[in-house]
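Taking it in order: structure first as structure tokens, then the write-up.
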Amino acid sequence: MALNRIVIIGAGVMGRGIAESIASTGTDVIILDRTAQRAETGIEKIGENIDREIEKWGLTKSDKKAILSRIAPSTDLQVAKLAYLIIETIPEKLRLKKELFQRLDDLCPHETVFITNAATISISELASVTSRADRFIGMHFLHPVTKIPVVEIIRGLKTSDTTYQVACEFADLLGKTPVQVFEYPGYVTTRVIVPLLNEAIHVLMEGVASAEDIDTAMKLGYGFNTGPLALADQMGLDVVMSWLENLLSELSEHKYNPCPLLRKMVRAGYLGVKSGQGFFRYDEDGNRIAGETPFVGKRKEVK
């Protein structure tokens, strides 16, 4: 498998995490976005993430230099013609993804494998706009990609066994445990986690407990490493809401109806870590600082 020919389309959070994971294995990768600024900013943010690991003694300056030397920015979709694996990480919008894969299908040799990092969108529907449904597959990485040791590998209706094996080999290269998923809205991880996040937001909205206490209860009570509200902040509240809306549209189940508080926060631009404010407040490095959500008052002390 030609794992030295990998292109990632989308320099957002997931694209950056996948690019860093690939480069950390000693493999070259191209990260492509619509503008040079977006692509280069993506690489800068990878460097900032590595700097945080250096501060924790997790990586060295030499590691940073080596990793960044293997990641090249691009704005030219023509580079996709040289890739064996193309990984798409653009926003979770069906129309945008379809348009991209139609363009890629016209550009790329038939042997090129298309991978989407979609979290809720049908793999088969995306594959249907290409001439290579057998070489189309989903790989749903979780954030932060460099630390989460699992990846869902989602087979569309026409995904071949050979393509599935390619995806498994790629997961192995990255040190991820693959979980085979047969296509269904939300797959496994998204379908299970978003109702929990949504319910935690309802509990906060209803004044049952503070954001801090909700997260503490779930971490200590059920062994979560991160509380549901902090996790939603990390994912991006706009992303969580889009996942819920996609699942609501696909399955017509009320449990996927986004909590009114979540809608309110997204509309106000309070998106979590990336905006500096979600259910908690964050500094420029993404570290949490003191502060409550502006939509929920501080807990009253019991006298």
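Given the residues I154, I201, I148, which is the only one that is under 15 Å from T116 (Cα atoms) and aliphatic (A, V, I, L, M)? Of the residues listed, the single one that is under 15 Å from T116 (Cα atoms) and aliphatic (A, V, I, L, M) is I154. The number of residues in the stretch 232-267 being within 20 Å of the chain's Cα centre (by Cα), within 15 Å of L196 (Cβ to Cβ) and outside any helix (DSSP H, G or I) comes to 1.
Rundown of residues vs (1) closer than 18 Å to D285 by Cβ; (2) at pLDDT below 95; (3) crowded, with 16+ Cβ neighbours inside 10 Å, yes/no style:
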| residue | (1), (2), (3) |
| --- | --- |
| L3 | no, yes, yes |
| I6 | no, no, yes |
| G17 | yes, no, yes |
| L32 | no, no, yes |
| E48 | yes, yes, no |
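The numbered conditions (1) under 28 Å from E111 (Cα atoms); (2) at pLDDT below 95; (3) surrounded by fewer than 19 Cβ atoms within 10 Å (Cβ to Cβ) are all true for S69 except (2).
Against the list (1) in contact with a Cys (Cβ under 7 Å, 6 or more places away or on another chain); (2) in a helix (DSSP H, G or I), the condition G221 fails is (1). The C-beta contact set for the stretch 89-105 (first residue at positive phi and touching a residue at least 60 places away in the same chain (Cβ under 8 Å), second residue part of a helix (DSSP H, G or I) and not polar (S, T, N, Q), distance under 6 angstrom, 6+ apart or interchain) is empty. Candidates are the residues of the stretch 189-215 that are farther than 25 Å from E152 by Cβ and aliphatic (A, V, I, L, M); the one that is surrounded by the fewest Cβ atoms within 10 Å (Cβ to Cβ) is V208. Would you pick out the residues in the stretch 109-127 that are within 27 Å of V240 (Cβ to Cβ), free of Cβ contacts under 8 Å to residues at least 60 places away in the same chain and either surrounded by fewer than 21 Cβ atoms within 10 Å (Cβ to Cβ) or not assigned by TED's automatic domain parsing to the domain that holds L82 (or both)? The answer is S124, E125. The residue that is surrounded by the most Cβ atoms within 10 Å (Cβ to Cβ), among those in the stretch 269-285 that are touching a residue at least 24 places away in the same chain (Cβ under 8 Å) and assigned to a loop (DSSP other than H, G, I, E, B), is F279.
Criterion applied to I18, I31 was being in a helix (DSSP H, G or I), touching a residue at least 24 places away in the same chain (Cβ under 8 Å) and in the same structural domain as T146 (by TED's automatic domain parsing), and the one residue passing it is I18.
Candidates in the stretch 171-188 are the residues that are at negative phi and assigned to a loop (DSSP other than H, G, I, E, B); of these, the one that is surrounded by the most Cβ atoms within 10 Å (Cβ to Cβ) is K176. Where strands (runs of 3 or more DSSP E) fall entirely within the stretch 51-117, those with at least 2 residues that are of a type in the set (A, V, I, L, M, F, W, C) and over 18 Å from the mean Cα position of the chain (by Cα) are at 71-74.
The values are calculated or read from the model by the stated rules, or taken from the named source; none is laboratory data. Keep in mind the model is a prediction, meaning the values are calculated, not measured. Note that we place each Cβ from the backbone using ideal geometry, even for glycine, and neighbour counts take in every protein chain shown.
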